[in-house]
Amino acid sequence: MQNRTLSLLLATMFLPMGLAVFENAGVHASSLPTRAAKFVEEIAAACKRSGGALASRELQETEGAFITRTDITGDGSPDVIIDASRACVVKDEDGEEKFIPTEGFCGASGSCQVMAVTEAGIFEWSIEDWLAGSLADGRRIFAIQDNAASCNNQPRCTFVLIWNPTSRRFEKLATLSRPTKN
């Protein structure tokens with residue numbers, strides 16, 4: 001799973017800053033704000049059109065679920081992350097569920113739409129992967145991984161965002177990238 005690569009990259013880059021635990025805890029689609037509930041309904045419809053189904057309850061409750069509840073703003077209230085890349089599944093020849101890109105929500109470059117529902121509002125990105133965590137001082141971070149289009153032509157980069165409670169927006173704390181090999 002890509003999330004493990006992102007975890008390792010962030011851990012090695014932020015250990016000097018005192019990186020603490022990263023977590024993802026699954027949650028179900030109940031009680032979402034109208035815009036987020038509509039987003040989930042649209043993903044479900046697109047998944048069905050693609051010949052798939054929404055991830056089972058077991059997959060939704062695993063690390064990096066389709067709908068995850070975790071505090072990314074540091075206000076003590078769990079926020080909701082809806083990740084289109086982890087929504088649509090098909091069964092393989094062994095009957096195991098495997099994720100497929102959700103048509104209309106995931107592009108050819110590998111990026112998929114991700115929505116964060118917070119007390120301050122709803123934020124959306126088109127990214128490859130994400131991870132939530134804390135710095136040693138308790139500040140929450142939200143790391144998003146993307147591809148060359150937004151990474152100054154590097155093959156992949158990670159933007160580490162931190163919540164600013166005054167402006168009620170995410171601000172870039174750092175950009176991590178791997179140089180292109182010639």
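The values are calculated or read from the model by the stated rules, or taken from the named source; none is laboratory data. On a predicted model such as this, the values are computed, not experimentally measured, just so you know. Please note: Cβ atoms are built from the backbone with ideal geometry, for glycine as well, and neighbour counts cover all protein chains shown.
Before moving on, here are some points about what is shown:
- Of the residues making up region 144-173, those that are of a type in the set (V, I, T) and within 19 Å of G74 (Cβ to Cβ) are I144, V160, I162, T166.
- Cβ-Cβ contacts under 6 Å between residues 6 or more apart (or on different chains), taken from a first residue in region 146-159 that is farther than 15 Å from A108 by Cα to a second residue that is of a type in the set (K, R) and modelled with pLDDT of 75 or more, are listed as F159/K172.
- Counting only strands (runs of 3 or more DSSP E) that sit wholly inside region 115-158, those with at least 2 residues that are of a type in the set (F, W, Y) are 121-127.
- In region 132-171, of all residues being of a type in the set (D, E) and under 20 Å from V114 (Cβ atoms), the one that is surrounded by the most Cβ atoms within 10 Å (Cβ to Cβ) corresponds to D146.
- Counting only helices (runs of 4 or more DSSP H) wholly contained in region 1-105, the ones carrying 1 or more residues that are at pLDDT 80 or above, surrounded by fewer than 19 Cβ atoms within 10 Å (Cβ to Cβ) and among the β-branched types (V, I, T) occupy 34-49.
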